[in-house]
Amino acid sequence: VHEKSILLPLVPALMLLDSEQWAVSWLVQVALFSNYPLLFRDGQRMPYWVLAVGWSFLRGCPACPADAQTPRLVARLQWVSTLVMLAIHAGHALLAPPPSLPDLYVVLNVEFSCAMFAAFFLYFNYRQFVCLRPRAAATAAAAAKQKTS
């Protein structure tokens, strides 16, 4: 069910790809990462990696903001999150979990993904309700000025 429910926030977010490229690309990368345990369990590792690498090439790099408007702090956070995702993948592939924690890597994936989704939720709500007001006010002022001229 998760792979379908993640589409609910991704579809409207992808509509913002032009104006919020770094945030949407990062969200897609994390959403794909969050599906890894399900795809691994179903034997779909190869399609996962093809899609992950393909998205990275389309994006340019999963942690390299393509637009110059991306704040430096955000670029560093993208690198850190990408390294965390790669570390979880490497641990899953190379290190057997302790017998007392057989689902260690799945739990790490879920916890990291949940934290990232919460951060994206807060960011996109902030953008929707705070940052778009000045733009809407400027558009309304320009329309009013155009009517008077």
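Here, each number is a calculation from the coordinates, and none is a lab measurement. What you see is a predicted model, and the numbers here were worked out from it, not measured in a lab. Please note: Cβ atoms are built from the backbone with ideal geometry, for glycine as well, and neighbour counts cover all protein chains shown.
Full extension of the chain segment joining PHE57 with TYR126 gains 21.9 nm, where the gain is 0.36 nm per residue of separation less the Cα-Cα distance.
Per-residue packing, averaged as other Cβ atoms within 10 Å, sorts the ranges 116-122, 29-35 into the order 29-35, 116-122, beginning with the highest. Descending by average beta-carbon neighbour count within 10 Å, the peptides 47-53, 76-82 line up as 76-82, 47-53, the highest first. With no solvent and one equal point scatterer per Cα, compute the Debye intensity ratio I(q)/I(0) for region 1-61 at 0.16, 0.17, 0.30 Å⁻¹ and report its log10, rounded to two decimals. Each listed q maps to, in turn, -0.52, -0.58, -1.28.
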